[in-house]
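Report on the following structure.
The values are calculated or read from the model by the stated rules, or taken from the named source; none is laboratory data. This structure is a prediction, so every number in the text was calculated from the model and none was measured. Positions of Cβ are backbone-derived with ideal geometry, glycine not excepted, and every protein chain shown enters the neighbour counts. Calculation scope for accessible area: heavy atoms of the full protein, side chains included, ligands and nucleic acids excluded. Shrake-Rupley method; radii C 1.70, N 1.55, O 1.52, S 1.80 Å.
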Amino acid sequence: MFDLEKILKSSVLFKNIGDINLNDMLSNINYKIKSFNKNELIAIEGDSLTSIGILLSGNVEIQKIYPSGKTLTISTLSSGDIFGEVIVFSQKNSYPATLIPITSTKIMFMSKEDILKICTINPDILKNFMSLLSNKILMLNKKVKTLSYQTIREKIASYVLDEYSKQKKLLINIPHSRQEMSEQFAVTRPSLSRELIKMREEELIEFNRNTILIKNLGKLEDFIL
């Protein structure tokens, strides 16, 4: 059974909002829920953006499609994730990338007027929304930092050290596939694999499909200083 309130409470925007308050807010806004089939376009880069989207079910890829036909997957969204929250209040109200569902998907759309309304109704929603925006800015800054590195080794070292900082251990779990990592670094997957092998041969790291073991923390830090 589709439980809208339960799904919304798993999202950052409605974190720590009680059932009564949530139901009251939903009754005061004109949200829309739309269903999309696999590979049915949700939005194309440049389309007008007037609402934020909250993914209720399924998975969606945010893609950059180049004139040559090359496609770069920027990120993948899952249930509870939100998109459009940064752009909807900007002067340029258009999608910066293309959104494509990779499974059957349900999305709740809320206009910026409704967002302002619920932020007025409940200060906790405003706090959550500001936190959401702050985290998105930090994430974008992190991506810019990664892309600013010139070599694949520098990008790998930065990624590994970020995960080490989060997980607080030398054997880190890798939350991304090799393909996702290569797209994040803007390099080809074979190039990424070759550099990982070289770093293993130099005893900087050891790795398998789901983990990376840091064998020389100091040298990894030297690559990004």
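For n ≥ 4 DSSP H runs only, could you compute -39500 (n - 2.57) per run for the chain, divide by its residues and tell me the 222 nm figure to the nearest 500? Mind dumping the intermediate values first?
Numbers: 8 runs with 95 residues, N = 225.
Mean residue ellipticity, 222 nm, calculated: -13000 deg cm²/dmol.
For the stretch 100-193, what is the accessible area per residue in Å², given a 1.4 Å probe and the full set of protein chains? Don't jump to the answer; show the numbers that get you there.
Details: 4980 Å² over 94 residues.
Computed with neighbouring chains in place, this is 53 Å² per residue.
Work from the charge dipole of the stretch 98-225 (Cβ charges, +1 for Lys and Arg, -1 for Asp and Glu, about the Cα centre) and give the residue of L161, L213, I102 farthest towards its positive end.
Working it through, the farthest residue towards the positive pole turns out to be I102.
In the set (1) 20.0, 61; (2) 16.8, 55; (3) 18.3, 59, which value of Rg and Dmax of the Cα atoms in Å was calculated from the structure you see?
(1)
In the chain, which helices (entire DSSP H runs) extend 27 Å or more along their own long axis, judged by Cα positions, while averaging at least -0.5 on the Kyte-Doolittle scale?
Details: long enough: 123-148 (38 Å, 0.17).
In the chain, the long hydrophobic H runs are 123-148.
Just the number, please: carbon plus sulfur as a percent of the accessible area of the chain, 1.4 Å probe, no ligands or DNA/RNA counted. Present the calculation step by step, with values, prior to reporting the outcome.
On the way: 6750 of 12730 Å².
On the chain, the fraction of accessible area on carbon and sulfur atoms equals 53 percent.
For the stretch 73-155, rounded, prolate or oblate, judged on the Cα gyration tensor with a ≥ b ≥ c (square roots of eigenvalues), a/c < 1.5 rounded, else prolate if a/b > b/c?
prolate
Let me know the charge dipole size of the stretch 75-225 about its Cα centre in debye, to the nearest 20, where only the beta-carbon of Lys, Arg (+1) and Asp, Glu (-1) is charged. Intermediate values should be presented prior to the final figure.
Numbers: 22 positive and 17 negative charges, 12 e Å.
Dipole about the Cα centre, nearest 20: 60 debye.
Show me the GluC sites (Glu not before Pro) within the stretch 158-225 that DSSP assigns to loop and that have at most 13 other Cβ atoms within 10 Å of their Cβ.
Within the stretch 158-225, the qualifying GluC sites (Glu not before Pro) (loop, at most 13 other Cβ atoms within 10 Å) are E202, E203.
Under the classification rounded if a/c is under 1.5, otherwise prolate if a/b is larger than b/c and oblate if not, where does the stretch 1-102 fall, given a ≥ b ≥ c as square roots of the Cα gyration tensor eigenvalues?
It is prolate, given that a/c is not under 1.5 and a/b is the larger ratio.
Suppose every Lys and Arg Cβ carries +1 and every Asp and Glu Cβ carries -1, with no other charges. What dipole size does the stretch 106-146 come out with about its Cα centre, to the nearest 20 debye? Could the numbers behind the result be given before it?
Numbers: 8 positive and 3 negative charges, 68 e Å.
So the magnitude is around 320 debye.
Give the lysines whose C-alpha is closer than 25 Å to that of K117, dropping any in the same chain fewer than 8 places away, or say none.
Straight-line reach from K117, under 25 Å: K6, K9, K15, K32, K34, K92, K106, K127, K136.
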